[in-house]
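> Before I ask anything, let me first share the structure, which is written out below as structure tokens.
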Amino acid sequence: MSDQLLRAVQGGVRAVDLGRQLRVGMPQSPNHPQFWHTLPRRHGDVTRADGGSAANDMITTGTHVGTHIDALAHVSHDGKLHGGADAGQSCLGGKYVEHGVHTIEPMIRRGVLLDIPRLLGVGRCEGGYEITVDDLQSACAAEKIEIERGDVVLIRSGWGQLFAEGSPYVGGPSGVPGVGEAGAQWLADKGVHAAGADTIAFERLAPGGGHALLPAHRVLLVESGIYIIEALDLEELSQQELFEFTFVLVPLNIFGATGSPVRPLAVTSA
């Protein structure tokens, strides 16, 4: 057998699930439609002659709810998408033909966790805390990690601990920790393929500011063509001190969509 990857898999791998479970009522940005799940047919509603029965489901959801990836079509600036594409003309028939989520190739890449609370010696970063370039560089040094071009960099703030509490996770009055414009530019200068965080909007949200200003989205999506992954569960990675791993992510192949729910995995040898 010549396939080294197959040999590695047969030798045993372990995977850490980085995705949030999709549940009705889970916290979300107020900018997006909520997730909804119902059962149009339950067991016993229709019973076959032999006694068999089947249940089925229906879901409706925004594409930026739960753990999800932002396509490059998600954000424009001064009417332009990444690469100067016209944001209006790129939308044909209600679909973003250019830069839609269908253009994101499946990711099997080196993943890196930058654990900021571990660096700072706290359980989680405070609401509205800006993760600085110095924080990012210091986390790399502490973890003996060098960011390489094409990596997927996941930034843990510890804010994901609040996900089950609902509105505190959204962080309206408190703000939400995350990188600002300078941190996003640092990631862009490193040439990363994608960047993710355990928060609702990836970047810092000022206390009481909501989503009024999102400069990191502009730097990454519009100016640099770097995908953003939000609402990740990074607690187990931190607990296991897994700072480097194979990152696997496949978006739903929705033609023309601005994003997609995802269930990313951090994979290592067993």
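> Of the residues in the stretch 134-143, how many are touching a residue at least 12 places away in the same chain (Cβ under 8 Å), of a type outside the set (S, T, N, Q) and surrounded by fewer than 16 Cβ atoms within 10 Å (Cβ to Cβ)?
1
> Additional query: All but one of (1) open to solvent by 60 Å² or more (accessible area, probe 1.4 Å); (2) more than 30 Å from V133 (Cα to Cα); (3) not hydroxyl-bearing (S, T, Y) hold for K80, so report the exception by its number.
The number of the failed condition is (2).
> Which one is farthest from V65 (Cα to Cα) among residues in the stretch 41-55 that are open to solvent by less than 80 Å² (accessible area, probe 1.4 Å) and not β-branched (V, I, T)?
Within the stretch 41-55, the match that is farthest from V65 (Cα to Cα) is G51.
> Now for a different question. Report whether or not G123 is in a loop (DSSP other than H, G, I, E, B), farther than 20 Å from L221 by Cα and either acidic (D, E) or free of Cβ contacts under 8 Å to residues at least 60 places away in the same chain (or both).
yes
> A further question on this structure: In the stretch 65-77, which residues are open to solvent by 30 Å² or more (accessible area, probe 1.4 Å) and among the polar types (S, T, N, Q)?
S76
> Let me ask something additional. Being among the hydrophobic types (A, V, I, L, M, F, W, C) and more than 29 Å from G83 (Cα to Cα) is the filter here; which residues of the stretch 207-247 pass it?
Across the stretch 207-247, the qualifying residues are L234, L237, L242, F243, F245.
> Go over the candidates G100, G111, G83, G123 one by one and state the one that is closer than 29 Å to G208 by Cβ and modelled with pLDDT of 95 or more. Spell out the reasoning first.
Values: G100 fails: closer than 29 Å to G208 by Cβ; G111 fails: closer than 29 Å to G208 by Cβ; G83 fails: closer than 29 Å to G208 by Cβ.
Answer to the check: G123.
> Does R7 count as closer than 30 Å to A266 by Cα, open to solvent by 100 Å² or more (accessible area, probe 1.4 Å), free of Cβ contacts under 8 Å to residues at least 12 places away in the same chain and among the basic types (K, R)? Give the derivation first.
Details: closer than 30 Å to A266 by Cα: yes; open to solvent by 100 Å² or more (accessible area, probe 1.4 Å): yes; free of Cβ contacts under 8 Å to residues at least 12 places away in the same chain: yes; among the basic types (K, R): yes.
Against the criterion (closer than 30 Å to A266 by Cα, open to solvent by 100 Å² or more (accessible area, probe 1.4 Å), free of Cβ contacts under 8 Å to residues at least 12 places away in the same chain and among the basic types (K, R)), R7 qualifies.
> In addition: Looking at the structure I just gave you, is G128 part of a loop (DSSP other than H, G, I, E, B), of a type outside the set (A, V, I, L, M, F, W, C), touching a residue at least 60 places away in the same chain (Cβ under 8 Å) and over 16 Å from I229 (Cβ atoms)?
For G128, the condition - part of a loop (DSSP other than H, G, I, E, B), of a type outside the set (A, V, I, L, M, F, W, C), touching a residue at least 60 places away in the same chain (Cβ under 8 Å) and over 16 Å from I229 (Cβ atoms) - is met.
> Another question, then. Could you please let me know if G19 is surrounded by fewer than 19 Cβ atoms within 10 Å (Cβ to Cβ) and touching a strand residue (DSSP E or B) at 6+ places or on another chain (Cβ under 9 Å)?
In short, yes.
The values are calculated or read from the model by the stated rules, or taken from the named source; none is laboratory data. Fair warning: this is a prediction, and the values are worked out from it, not measured in the lab. Cβ atoms come from the backbone with ideal geometry, glycine included; neighbour counts cover every protein chain shown. Just the protein is used for accessible areas: all its heavy atoms, side chains included, with ligands, DNA and RNA removed. Shrake-Rupley method; radii C 1.70, N 1.55, O 1.52, S 1.80 Å.
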